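Below you'll find the structure, written out as structure tokens, and then a few comments.
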Amino acid sequence: MYFFYSVFIFFFRIILGTLSLFDSKIRRGIEGRKSLFQIIEKHYSTISPLRKRILIHVSSFGELEQAKPVIAAIKEKYPEAHIHLTFFSPSGYDNAIDTYKLPDIITYLPLDSQGDVEWFLDIVKPHLVLFVRYDLWHNFVHELHDRNIPMLLFSATFDSSFGKSLPFLRSLYNKTYSFMNTICTVSEADKNIITKFAAHAKDIIVAGDTRCDQVIARKNAVDESKEQTLPENILQKITSENLRVVVAGSTWENDEVIIVPILMKALSAGEKLFVIIAPHEIGKAHIASLLSQLGSQAIVLSKISSYRDEKIIIIDSIGKLFALYQFASFSYVGGGFGSGVHNVLEPAVWGVPTIVGPNHKRSKEISALIGLGAAVEVQNRDEFEQAMGHWFTTDMARLIASASAKSYVTSSAGATEKIMEKIGLLQW
């Protein structure tokens, strides 16, 4: 098994190098790792060997949201601990490196060759390693196990179709997961799946999803900050004209092809509607394309000082979407007509009913919210129009959905506390 994995890693590096010639994201990941060892050698030469060192690995930015409440709790309970956050994905790394300040250092994780793993751990010398969700690399985990460094995986989830995979992969995952000292799963179903193939894992519990803790903390921070996310004149317009507000968040072009014609149709028909669109990509070309589709009805947020009674605002900066959900009567969360729906817990924590596209089958929270009547799946433009009309006209259904969304998030909170209890029990 180890031979085949070593061959896989060898060819994986070659394939990444080839793809980097055509893909800027892969190229950024390769370039970022070239200086990895110089960066960590310089950093750790200044760190006291007496400080406890905690390494936390996430795949990308989505997993960072799951890690954030645990990192904050570690900083509070162990203020002298040194936290090293690693990413596999360039998109996650790029979004965190200059903005997320709690970790002492943020770097890439090296690609999983035996030599790079040993070199990395010789420098970092972690006392405890935490993994988030699923991004476990066999050589890395195996070397940590050989060095008797305790490992904990939290917010763990696994696809139920895993059992159909190749015997080699099942055997590899069995060994890798079994090296964990503790696994904290999102749900009982995840625990059952992981227990079946990680037969030798020492401690598997259901802790829940830390993203619920994270969105609650973010909502509390917005409430406390009193920050004016929308200008007062627009808020007054929404209130005085009794407008329904729809927030379309993290939309891609595949989403916008579905929703924009229906939103424009509703506005042209004189519906009492106010629209906020926060596209996932905020490059100038994409914003210009949206503006050309929406015409004089739309204005970008950066030019809101020139507001002339437009009924569509396009968000052309990052970091605004979460707080904007508080104004929504209902929302559309993008990604469902592409690679997968983005974070529906963000509108849910504000009690906002949600419409999503069909690609969400791996998201347990979306399935739960649909089951509670707090979210609706649509397959096409006509179904989006029907779902929007339902939330637009049926006040009682919207109020019940709102209460269900809030209840789901609050009842799912508390994972961070359970994870911290397990961290405290490990010998590190």
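The values are calculated or read from the model by the stated rules, or taken from the named source; none is laboratory data. A quick note: this is a predicted structure, and the numbers were derived from the prediction, not measured. Please note: Cβ atoms are built from the backbone with ideal geometry, for glycine as well, and neighbour counts cover all protein chains shown. Surface areas here come from the heavy atoms of the whole protein model, side chains and all, with no ligands, DNA or RNA. Shrake-Rupley method; radii C 1.70, N 1.55, O 1.52, S 1.80 Å.
List of remarks:
- Any hit, the range 403-412, residues being among the aromatic types (Phe, Trp, Tyr), part of a helix (DSSP H, G or I) and under 20 Å from Ala266 (Cα atoms): no
- Looking across the range 242-271, the residues that are assigned to a loop (DSSP other than H, G, I, E, B), closer than 22 Å to Ala323 by Cα and either open to solvent by 20 Å² or more (accessible area, probe 1.4 Å) or of a type in the set (Lys, Arg) (or both) come down to Asn242, Trp252.
- Restricted to the range 38-61, and to residues there that are closer than 17 Å to Gln214 by Cβ and not in a strand (DSSP E or B), the residue that is modelled with the lowest pLDDT is Phe61.
- Pairs with Cβ under 9 Å, 6+ apart, first in the range 32-58 and of a type in the set (Asp, Glu), second open to solvent by less than 50 Å² (accessible area, probe 1.4 Å): Glu41/Ile123
- Residues being farther than 25 Å from Trp428 by Cα, among the hydroxyl-bearing types (Ser, Thr, Tyr) and open to solvent by less than 40 Å² (accessible area, probe 1.4 Å) - total across the range 2-55: 2
- Residues in the range 175-199 that are of a type in the set (S, T, N, Q) and either at pLDDT below 80 or surrounded by 18 or more Cβ atoms within 10 Å (Cβ to Cβ) (or both): Thr176, Asn181, Thr182, Thr185, Ser187.
- Within the range 117-135, tally of residues that are open to solvent by 20 Å² or more (accessible area, probe 1.4 Å) and at pLDDT 95 or above: 6
- Qualifying positions in the range 413-428 - assigned to a helix (DSSP H, G or I) and either farther than 15 Å from Glu365 by Cα or open to solvent by 30 Å² or more (accessible area, probe 1.4 Å) (or both): Thr416, Glu417, Lys418, Ile419, Met420, Glu421, Lys422, Ile423, Gly424, Leu425
- Lone qualifier among Val376, Val409 - being of a type in the set (A, V, I, L, M) and either over 25 Å from Ala189 (Cα atoms) or open to solvent by 30 Å² or more (accessible area, probe 1.4 Å) (or both): Val376
- Test: residue in the range 222-231 that is at pLDDT 95 or above and either small (Gly, Ala, Ser) or out of contact with any helix residue (DSSP H, G or I) (no Cβ under 9 Å at 6 or more places or on another chain) (or both): no
- In the set (1) open to solvent by less than 20 Å² (accessible area, probe 1.4 Å); (2) more than 23 Å from the chain's Cα centre (by Cα); (3) among the aromatic types (Phe, Trp, Tyr), Tyr108 fails one condition alone, (2).
- Being open to solvent by less than 10 Å² (accessible area, probe 1.4 Å), in contact with a Cys (Cβ under 8 Å, 6 or more places away or on another chain) and either closer than 21 Å to Ile183 by Cβ or in a loop (DSSP other than H, G, I, E, B) (or both) holds for only one residue in Leu152, Leu64, and it is Leu152.
- A Cβ distance below 9 Å, combined with a sequence gap of six or more or placement on separate chains, defines the contacts here; from the range 343-356, residues that are over 15 Å from Thr210 (Cα atoms) and polar (S, T, N, Q) reach residues that are open to solvent by less than 10 Å² (accessible area, probe 1.4 Å) and part of a helix (DSSP H, G or I) in the pairs Thr354/Pro347; Thr354/Ala348; Thr354/Ile366; Thr354/Leu369; Thr354/Ala401; Thr354/Ala405.
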